[in-house]
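Take a look at the structure set out below.
The values are calculated or read from the model by the stated rules, or taken from the named source; none is laboratory data. This is a predicted model, so every value here is computed, not measured. Every residue, glycine as well, gets a Cβ built from its backbone with ideal geometry; the counts of neighbours run over all protein chains shown. Keep in mind that these areas ignore ligands, DNA and RNA; they rest on the heavy atoms of the full protein, side chains included. Shrake-Rupley method; radii C 1.70, N 1.55, O 1.52, S 1.80 Å.
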Amino acid sequence: AARAEMDPRIFRQEYEASFETLQGRIYDNFEPSIHVRECEDVGGELLVGMDFNVHPMSAVLGVRAGDELHILDALEIPTSNTDEMAEEIRTRYPDRQVIVCPDPSGRSRRTSARGRTDFTILEQAGFYVDAPNSAPFVKDRINAVQTLLKNAEGRARFVVHPRAEALIRALRGHTYKDGTSLPDKTQGF
């Protein structure tokens, strides 16, 4: 059961007494030949991961396909705000139930000159906002993605459409700071 729920590296460390170091690429389970391919929008709820940076404002859009996550697109809007991102998502996916899973900081953060929070902007656009009260630890977020990319059984449950170029670049290029287990945020991913 643990193999199905864990990243191979973490499984080896926890169950096989292997000393595993974090170095180099963060998402080393990402293999474009396996994960990047045309994927069909199977309908249902549109799941949106959103970052409230202003330059660029970014979002990843996906759907559940059985127990897999299919990423349909990755949006980056330079020098933007939450209103513009919400409008772009609604334009691309009209009449769709949208669940936004953003950073919890959006409860109080404002990327709008009108003084509304990012969360209220999304809710006023007709989106459901599903955010925890506090952000999970970075290592837990990385492990969750790594496990979708490939669990300890070797199964991939993640597909990304080729048009999601920004996400593909990030999965391929995001690295740890030299000698640490901290993501290097200076790279722009």
(Q) Within region 14-45, take every residue that is of a type in the set (S, T, Y) and at pLDDT 90 or above and give me the one that is nearest to K185 (Cα to Cα). (A) Y27
Q. Filter region 127-156 for residues that are open to solvent by 50 Å² or more (accessible area, probe 1.4 Å) and in contact with a strand residue (DSSP E or B) (Cβ under 8 Å, 6 or more places away or on another chain); which is nearest to Y27 (Cα to Cα)?
A. V138
Q) What is the one condition in (1) open to solvent by 50 Å² or more (accessible area, probe 1.4 Å); (2) of a type in the set (A, V, I, L, M); (3) under 19 Å from N53 (Cβ atoms) that A164 does not satisfy? A) (1)
Q | region 163-185, residues that are closer than 23 Å to D67 by Cβ and in contact with a Pro (Cβ under 9 Å, 6 or more places away or on another chain) | A | I168, L171
(Q) Anything in region 39-65 that is assigned to a loop (DSSP other than H, G, I, E, B), in contact with a strand residue (DSSP E or B) (Cβ under 7 Å, 6 or more places away or on another chain) and either among the acidic types (D, E) or over 19 Å from R96 (Cβ atoms) (or both)? List them, or say none. (A) D41, E45, F52, P56
